[in-house]
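The values are calculated or read from the model by the stated rules, or taken from the named source; none is laboratory data. Only a predicted model underlies this, so the values are computations on that prediction, with no experimental measurement involved. Virtual Cβ from ideal backbone geometry, glycine too; neighbours counted across all protein chains shown.
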Amino acid sequence: MSASQDESILDIVSRLEAISEEIADKALDALKSAHREGAVKRPETERQLTTARRAVEKAISVLSRLD
């Protein structure tokens, strides 16, 4: 892979890491909101956000292994 491709991949990884953090923040907000409302189970929104974050983390992992 060329240097410019490496930089491009690193840029994508960096953006994905920021997105992962944003999703994690939203999931935490959903948990806090559910707690304030007296929920006893994890809200579906938080579960879906966590699934999305895991998918982004997987993409980061795959892109980080590119040669």
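Of the residues in the range 27-58, how many are assigned to a loop (DSSP other than H, G, I, E, B) and more than 20 Å from the chain's Cα centre (by Cα)?
5
Residues VAL40, VAL56, VAL62, VAL13: which one is exposed (fewer than 13 other Cβ atoms within 10 Å of the Cβ), at pLDDT 95 or above and among the aliphatic types (A, V, I, L, M)? Break it down stepwise before answering.
Values: VAL40 fails: at pLDDT 95 or above; VAL56 fails: exposed (fewer than 13 other Cβ atoms within 10 Å of the Cβ); VAL13 fails: exposed (fewer than 13 other Cβ atoms within 10 Å of the Cβ).
After applying the criteria, what remains is VAL62.
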